[in-house]
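The values are calculated or read from the model by the stated rules, or taken from the named source; none is laboratory data. All values reported here derive from a predicted model rather than from experimental measurement. All Cβ positions, even for glycine, are placed from backbone atoms using ideal geometry, and neighbour counts span all protein chains on display. Please note that ligands, DNA and RNA were not included when accessible areas were found on the heavy atoms of the full protein model with its side chains. Shrake-Rupley method; radii C 1.70, N 1.55, O 1.52, S 1.80 Å.
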Amino acid sequence: MTRSKRSTVRRIAASVTIVLATLAAMLSPVTPAHAAYGPDQPVYIAVTSNAGPPLLLAQLTGTVAFDDGNTKFKYSLQLCWGSGSYPKPNFYVSVNGSTVIYPSQTGTATAPPGCQLYLYLHDGEYTHYTTVTNITVYVTGGWFYPGQTYNSRTKSVTYDNPYN
């Protein structure tokens, strides 16, 4: 075999190898990277009346955790509708002090003493479009006192992302 024929065969073999390697890379399943969650941070926010008789209006308990990729957090929260509260309390989460999310209710559980009807369960995960530096959880409960005068009260707690 002449030198030019060997050179041509080598170039063809190299080209075939590159094509096969490219096809193998394209056809291989790609496993997405999964960020790991840090430790659960306990959540406890109790809202009580500040006028009239002392009443438990709302109590939010559970956990939040941030991912080490800095764009997600997960939550497992239980909202107690305090026996002195009307209407049902609510809560929301502010991400970085700007974006507001309202976690959806995912179920109910038997209410402990001091709560009406049920514990309202909220479990989920939220992915933000930028770095999550912190979240602030706001809980609001209301009551009537005196007579037909409606009052409401909100308490909040901020949870920092330990990864930034």
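Can you give the net charge of the other residues whose Cβ lies under 13 Å from the Cβ of Thr106, counting K and R as +1 and D and E as -1?
So the environment of Thr106 carries a net charge of -1.
Considering only protein heavy atoms, what is the solvent-accessible area of Thr71 at a probe of 1.4 Å, reported in Å² to the nearest 10?
We get 50 Å² for Thr71.
Which whole number in µm²/s is D for the range 46-160 by Stokes-Einstein, with the Kirkwood Rh taken over Cα pairs at 20 °C and 1.002 mPa s?
D, rounded to a whole number, is 144 µm²/s.
Return, for the Cα atoms of the range 55-113, the radius of gyration and Dmax in Å, separated by a comma.
Reported Rg and Dmax, both Å: 13.6, 41.
Starting from 0.36 nm per residue, how many nanometres of slack lie between Thr110 and Val157 once their C-alpha separation is accounted for?
14.4 nm
With every protein chain left in place, what is the accessible area of Phe144 in Å² (1.4 Å probe, nearest 10)?
90
Give, as a single signed number, the net charge of other residues whose beta carbon lies under 14 Å from the beta carbon of Leu77, with Lys and Arg counted +1 and Asp and Glu -1.
My count for the surroundings of Leu77 gives -2.
Please identify the chymotrypsin sites (Phe, Trp or Tyr not before Pro) of the range 89-142 that satisfy two criteria: DSSP loop assignment and at most 15 other Cβ atoms within 10 Å. Which are they?
Of the chymotrypsin sites (Phe, Trp or Tyr not before Pro), the ones in loops of the range 89-142 whose Cβ has at most 15 other Cβ atoms within 10 Å are Tyr129.
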